[in-house]
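The values are calculated or read from the model by the stated rules, or taken from the named source; none is laboratory data. Please read all numbers here as calculations on a predicted model, not as lab measurements. Here the Cβ is made from the backbone with ideal geometry for all residues, glycine too, and neighbour counts use every protein chain on show.
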2 protein chains.
Amino acid sequence: MRHAVILAGGGGTRLWPASRRAHPKQLLALAGSDALVTTVAKLGGEIATNVVIVTAADQAAATRKVAPGVTLIEEPSGRNTAAAIGLAAAILVARDPDAVLAVLPADQHVTDRAGMIRALGLAMTAAEATNAIATIGIAPTRAETGFGYLELAGPAAVDTVVPVVRFVEKPDLATAERYVGSGRYLWNAGIFCARAQRLLDELRTHLPATADAVIAIAADPSSAERRYAELQSISIDHAVMEKAANVVTVPASVGWDDIGSWAALPAVRGHDAAGNTIVGDAIILDGTGNIVMTDGTLVTAVGVSDLVIVKSGDAILVIPKSRAQDVRSIIEVLRGTTYL
Amino acid sequence: MRHAVILAGGGGTRLWPASRRAHPKQLLALAGSDALVTTVAKLGGEIATNVVIVTAADQAAATRKVAPGVTLIEEPSGRNTAAAIGLAAAILVARDPDAVLAVLPADQHVTDRAGMIRALGLAMTAAEATNAIATIGIAPTRAETGFGYLELAGPAAVDTVVPVVRFVEKPDLATAERYVGSGRYLWNAGIFCARAQRLLDELRTHLPATADAVIAIAADPSSAERRYAELQSISIDHAVMEKAANVVTVPASVGWDDIGSWAALPAVRGHDAAGNTIVGDAIILDGTGNIVMTDGTLVTAVGVSDLVIVKSGDAILVIPKSRAQDVRSIIEVLRGTTYL
């Protein structure tokens with residue numbers, strides 16, 4: 001049976017201050033009127049018989065509110081994607097030994113839903129038929145340094161299934177430009193399909209303690225908190241993808257974007273005639289390329305461009321769009337305060 | 001008798017959003033724990049027997065709160081400094097024909113109070129002894145384009161009384177640099193001493209309708225609202241100073257600064273080790289020369305420099321320090337809203 005596994009457990013710190021521990025980014029209505037997690041869950045419902053959301057235990061109530069009726073898998077603590085996906089695979093395979101998973105991070109946006117559903121269908125079929133790990137490879141639309149890339153042997157058409165030569169980490173700008181120019185590199189969107197058993201086998205090979213733990217938790221949920229806390233915090237890419245054989249991709253050009261940082265908001269929400277993306281009440285004079293999000297307080301700006309200005313609750317953030325990832329340095333300073 | 005006349009009636013729009021109609025800038029505690037109007041009133045108390053504050057009628061209650069016990073002269077509406085000073089002169093001369101006034105705008109800051117009191121004493125004496133209009137000429141510390149200048153025949157020492165050759169308007173940067181380099185130009189701080197009767201005589205010559213109106217209002221306060229509304233809105237500099245004979249100045253180097261715009265805040269409040277001026281809770285990483293004022297909401301910024309960031313009540317302002325005067329363009333857009 002096909003299962004969609006929505007990963008919604010991240011801390012969402014890159015969208016602080018709009019994203020807080022109690023209201024993480026996946027639950028924000030960044031993409032429009034619907035909370036994203038709902039949107040992704042709906043997408044999951046079109047490609048799979050069963051949809052589950054993996055979320056942090058302390059975010060479960062908030063997640064349930066935006067996605068009522070969806071099964072939740074609660075992580076006792078955050079241990080990155082290898083553990084989260086392993087846990088989902090172990091729980092699902094225990095109920096359905098033939099389970100095939102489509103793993104979908106919640107903090108993403110797709111404009112061409114039909115195209116994404118088609119690509120996911122191909123990936124699902126590849127996972128079922130050849131036991132591949134079948135990723136979705138997004139045709140890059142810019143030399144993005146914030147994503148990892150999938151290297152192919154040569155350019156490939158959309159809606160085909162081709163081998164991945166190599167997973168490459170986030171490149172510098174010159175490298176990213178070379179990647180995009182070559183036509184042989186696709187964005188790694190963190191979306192893939194695989195049999196649950198294949199994923200557990202890979203974890204047993206590359207991350208055996210995690211494999212043992214998630215299988216034990218699936219058999220005895222009461223041990224989750226104790227076992228999970230000890231797991232290595234590592235991404236599925238580092239733990240499995242970069243090492244596994246028979247990894248394929250379905251190239252897709254579907255208006256996908258990560259909304260993991262403020263810089264991505266224009267791709268999701270568009271911009272006004274002056275080139276500014278505004279969510280909430282704002283007046284910008286003599287400035288372009290700004291991203292403003294405010295929860296009621298009027299934001300005014302004169303003569304500034306390419307700035308992110310966010311007001312949410314008890315905090316304001318001002319940061320150049322090009323440094324949007326550096327909100328993490330503010331998070332470090334705020335560690336232990338109620339501002340997170 | 002010597003009277004200090006504190007001008008506190010301005011709309012204070014250049015310090016929006018901290019300064020609003022109901023809480024204009026002169027009443028803000030920008031300079032420290034004391035409201036400025038109180039500070040200036042105290043200064044007035046040291047140089048004069050009587051202190052009056054000229055303020056807008058709709059700001060009288062707020063002004064009385066920060067300067068209890070000081071006599072208020074209420075303007076029915078804002079009609080710029082020629083009318084405000086004329087009104088004070090007419091009211092004071094009616095009670096005290098020998099009244100000598102020291103006119104002090106409230107939105108100013110002085111670090112060397114003793115030096116300012118000494119300069120004002122010399123100016124008072126010049127006004128009494130020679131019927132001069134005796135200004136305080138501030139030795140410039142930068143090529144400021146936001147102030148008018150007083151032109152002298154040649155460089156002059158502090159604590160002397162020298163003729164003013166000419167009042168000059170706000171210069172462009174190249175002109176300001178030339179002024180400052182020459183040693184012959186002083187900042188026009190809007191501070192001056194003169195006999196009340198001399199000021200009324202000048203108004204009768206240069207602005208006769210205003211002279212008539214303020215004298216009539218002094219005799220019949222009930223006519224104030226009707227008469228005042230019709231007066232020309234013009235500054236005392238344009239109406240009188242630029243045309244009057246026997247205008248002198250006392251050069252002073254007393255750490256004076258106008259705090260009529262956000263860019264002046266560092267001169268008043270200093271800055272931290274990173275070069276940022278912060279009033280309220282803020283975290284600035286990898287940035288310098290910023291001016292942040294917030295009324296409770298945490299302001300965070302990464303990688304921005306020389307920006308003004310203000311949060312006050314229901315509004316936020318972000319503007320480069322070099323364009324701080326352009327907050328007026330926001331005010332224009334907000335005209336007629338409750339944000340002012």
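Assorted remarks:
- Within the range B:310-340, the set of residues being out of contact with any Gly (no Cβ under 6 Å at 6 or more places or on another chain), in a helix (DSSP H, G or I) and not acidic (D, E) comprises B:K321, B:S322, B:A324, B:Q325, B:V327, B:R328, B:S329, B:I330, B:I331, B:V333, B:L334.
Let's see how each residue does on (1) modelled with pLDDT of 90 or more; (2) more than 29 Å from A:I138 (Cα to Cα); (3) out of contact with any Phe, Trp or Tyr (no Cβ under 9 Å at 6 or more places or on another chain):
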{"position": "A:A60", "(1), (2), (3)": "no, yes, yes"}
{"position": "A:V66", "(1), (2), (3)": "no, no, yes"}
{"position": "A:P76", "(1), (2), (3)": "yes, yes, no"}
{"position": "A:L92", "(1), (2), (3)": "yes, no, yes"}
{"position": "A:D96", "(1), (2), (3)": "yes, yes, yes"}
{"position": "A:D107", "(1), (2), (3)": "no, no, yes"}
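- B:R323 meets the stated requirement of being of a type in the set (K, R), without any contact (Cβ under 8 Å) to a residue 40 or more places away in the chain and within 10 Å of chain A (Cβ to nearest Cβ).
- Scanning the range A:205-245 for residues that are under 30 Å from A:R184 (Cβ atoms) and touching a Ser or Thr at 6+ places or on another chain (Cβ under 7 Å) yields A:S235, A:I236.
- Qualifying residue in the range A:269-289 (condition: over 23 Å from A:D326 (Cα atoms), within 14 Å of chain B (Cβ to nearest Cβ) and acidic (D, E)): yes
- Within the range B:295-313, considering residues that are at pLDDT below 95 and either at negative phi or at the interface with chain A (Cβ under 7 Å from one of its Cβ atoms) (or both), the one surrounded by the most Cβ atoms within 10 Å (Cβ to Cβ): B:S312
- Test result for B:P266, surrounded by 17 or more Cβ atoms within 10 Å (Cβ to Cβ), in a strand (DSSP E or B), more than 9 Å from every other protein chain (Cβ to nearest Cβ) and not aliphatic (A, V, I, L, M): no
- Leading residue by the ranking (surrounded by the most Cβ atoms within 10 Å (Cβ to Cβ)) among those in the range A:328-340 that are at the interface with another protein chain (Cβ under 7 Å from one of its Cβ atoms) and either more than 21 Å from A:D295 (Cα to Cα) or in contact with a helix residue (DSSP H, G or I) (Cβ under 6 Å, 6 or more places away or on another chain) (or both): A:S329
- Among the residues listed as A:I278, A:I316, the single one being within 19 Å of B:P17 (Cα to Cα), out of contact with any Phe, Trp or Tyr (no Cβ under 7 Å at 6 or more places or on another chain) and of a type outside the set (S, T, Y): A:I316
- Checking each residue in the range B:143-161 for being in contact with a helix residue (DSSP H, G or I) (Cβ under 7 Å, 6 or more places away or on another chain) and either under 22 Å from B:R118 (Cβ atoms) or not acidic (D, E) (or both) picks out B:A143, B:T145, B:G146, B:G148, B:Y149, B:D159, B:V161.
- Number of the exception - B:V318 against (1) more than 19 Å from B:R142 (Cα to Cα); (2) within 12 Å of another protein chain (Cβ to nearest Cβ); (3) at pLDDT below 95; (4) in contact with a strand residue (DSSP E or B) (Cβ under 7 Å, 6 or more places away or on another chain): (3)
Rundown of residues vs (1) closer than 17 Å to B:C193 by Cβ; (2) buried (at least 24 other Cβ atoms within 10 Å of the Cβ), yes/no style:
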| residue | (1), (2) |
| --- | --- |
| B:N80 | no, no |
| B:A84 | yes, yes |
| B:H109 | no, no |
| B:R118 | yes, no |
| B:M124 | yes, no |
| B:N131 | yes, no |
| B:A134 | yes, yes |
| B:L150 | yes, yes |
| B:P155 | no, no |
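- Out of B:V299, B:V268, sole residue that is over 21 Å from B:P140 (Cβ atoms) and in contact with a strand residue (DSSP E or B) (Cβ under 6 Å, 6 or more places away or on another chain): B:V299
- Check on B:V304, without any contact (Cβ under 8 Å) to a residue 40 or more places away in the chain, closer than 25 Å to A:I331 by Cα, hydrophobic (A, V, I, L, M, F, W, C) and outside any strand (DSSP E or B): yes
- Selection count where residues are touching a Gly at 6+ places or on another chain (Cβ under 9 Å), under 17 Å from B:E46 (Cα atoms) and buried (at least 23 other Cβ atoms within 10 Å of the Cβ), scope the range B:87-107: 4
- Here the condition is being over 30 Å from B:S322 (Cα atoms), more than 22 Å from the chain's Cα centre (by Cα) and touching a residue at least 24 places away in the same chain (Cβ under 8 Å); of B:T160, B:T210, it holds for B:T160 alone.
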